[in-house]
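Visitor: Below: one structure in structure tokens.
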Amino acid sequence: MYLSLVATYDVIIIGGGLAGLTAAIHLRKEHHSILLLEKETYPHHKVCGEYLSNEVVPYLGYLGIELPTNIDINTLEFSTRKGRSLQISLPLGAKGISRYTLDNCLYKRAVSLGVDYVCCSAESIDFKDDLFTVRNNLDQEFKATFVIGGFGKRSNLDKTLRREFISKKSPWLAVKAHYQWNQFPDNLVGLHSFEGGYGGLSKTETGTVNFCYLVTYKSFQEKQNISVFNDLVVAQNPYLATFLREASMEFEKPLSIAQISFEAKDPVEDHIIMCGDSAGLIHPLSGNGMAMAIHSAKIASELIHEYFIKGRTDRIELEKTYALQWQRTFGKRIRTGRRLQKLLMSPVIAEMLFSLAVLSPGILRSIIKKTHGKPIEV
Ligand SMILES: Cc1cc2nc3c(=O)[nH]c(=O)nc-3n(C[C@H](O)[C@H](O)[C@H](O)COP(=O)(O)OP(=O)(O)OC[C@H]3O[C@@H](n4cnc5c(N)ncnc54)[C@H](O)[C@@H]3O)c2cc1C
């Protein structure tokens, strides 16, 4: 027997990461009734490079979010497995901010605006007679005109919805922790390759250095645990060897996630408007996933708001428009990220690209531009 808390919301948002929280704030600012379902309590750490592209900063300002960080990143340092390194200035730059702080900041803003929040896992979503019914693990049932899927790269709901990517094994896993390392400059983001993967280094608002890496199972599985893998593989890159030797980890143990899939997904599934990683994940080396999550939530929120104020026009038309705008805005970035990742995973090609970038840093800058958007206008 399910207990229905509120008869009908305008929008139920499943997943309170950056996409879900952004949509919650945007739509609540427009006075719609919003229910947010998130399975974790706030604040919490997440596996992420914590490099937030400046393209979303004006829009976050519009949502009433002042980012609590003084870390302004404007330079990329890149190194190959052999330790050849170069620095280039970034076209747009970024803020260094932990997900612990960023997500919590958006969560507080959402709740202060009157977004209803239930800490629970959404278990099923049904669409019938133009209305959604969502059930959770607390035996509660909620109804809404729209459901936004902001449940990230991999969720129980992907299985429930029988999404194609979930049945395929993914070769990627990721590891992250915060470290004390005084000599790391505030304005730098590092991207350092090693066998089977690459790691990003950048400062967070607390002054700690976030080290987050992505690696294939194939490379990782022979070593079995993170500490041995760091010593034997990650530290083959001389820059990372110095970092691991000199820095002290702040976490009790690193966080890790497995089965990270970069397969294509549909931005609309069973009438659910997917935002952020639920709609598609860009390779992390681009440092653009968070901006895309926030931007996709803006696109979805504007269309849903328009639907309500225009007096319930065509739902199918809204879904088509969202899917089209999603592809136009993010399709090229995702494809460029995929190609770039492939090239960098080959040691020979990575060394060749490096030599090219030394001769002409403009090439690297223009590739970076292709994986990012322009600052979002508000
Ligand atoms: C290794 C790595 C490094 C990265 N580094 C960067 C970087 O430096 N810069 C950058 O811009 N991007 C980076 N990204 C990408 C970025 O982390 C994501 O694109 C971003 O977090 C997407 O936000 P989201 O809201 O879509 O998903 P998430 O932030 O993952 O949020 C999804 C939420 O849904 C919740 N959820 C899931 N299922 C349910 C359910 N059934 N019921 C209720 N809640 C549910 C989860 O608990 C979670 O809180 C990186 C990604 C990886 C893998």
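Visitor: Of all residues in the range 261-317 being among the hydroxyl-bearing types (Ser, Thr, Tyr) and more than 12 Å from the ligand (Cβ to nearest atom), which is surrounded by the most Cβ atoms within 10 Å (Cβ to Cβ)?
Guide: 301
Visitor: Here is a further query. Just need a number here: residues in the range 215-260 that are within 16 Å of the ligand (Cβ to nearest atom) and not in a loop (DSSP other than H, G, I, E, B).
Guide: 13
Visitor: Also, I was wondering about something else. Regarding residue 46, is this residue within 10 Å of the ligand (Cβ to nearest atom) and of a type in the set (D, E, K, R)?
Guide: yes
Visitor: So which of 251, 184, 211, 243 ends up being at pLDDT 95 or above, over 18 Å from the mean Cα position of the chain (by Cα) and within 17 Å of residue 48 (Cβ to Cβ)?
Guide: Just a single option satisfies the conditions, and that option is 251.
Visitor: Here is a follow-up. Would you list the strands (runs of 3 or more DSSP E) that sit entirely within the range 143-214 and hold 1 or more residues that are among the basic types (Lys, Arg)?
Guide: 172-180, 197-203
Visitor: Considering the range 79-130 alone, what residues qualify as being modelled with pLDDT of 95 or more, away from the ligand (no atom under 15 Å from the Cβ) and assigned to a strand (DSSP E or B)?
Guide: 127, 128
Visitor: List, please: which pairs have Cβ atoms under 6 Å, are six or more places apart or on different chains, and start with a residue in the range 313-336 that is hydrophobic (A, V, I, L, M, F, W, C) and end with one that is in a helix (DSSP H, G or I) and surrounded by 14 or more Cβ atoms within 10 Å (Cβ to Cβ)?
Guide: Qualifying pairs under 6 Å: 318/303; 318/307; 330/292.
Visitor: Taking the options 75, 41, 69, name whichever one is out of contact with any Lys or Arg (no Cβ under 7 Å at 6 or more places or on another chain), of a type in the set (Val, Ile, Thr), outside any strand (DSSP E or B) and surrounded by fewer than 24 Cβ atoms within 10 Å (Cβ to Cβ).
Guide: Result: 41 is the single residue among 75, 41, 69 that is out of contact with any Lys or Arg (no Cβ under 7 Å at 6 or more places or on another chain), of a type in the set (Val, Ile, Thr), outside any strand (DSSP E or B) and surrounded by fewer than 24 Cβ atoms within 10 Å (Cβ to Cβ).
The values are calculated or read from the model by the stated rules, or taken from the named source; none is laboratory data. What you are looking at is a predicted structure, and each value in this text was computed from that prediction instead of being measured. Positions of Cβ are backbone-derived with ideal geometry, glycine not excepted, and every protein chain shown enters the neighbour counts.
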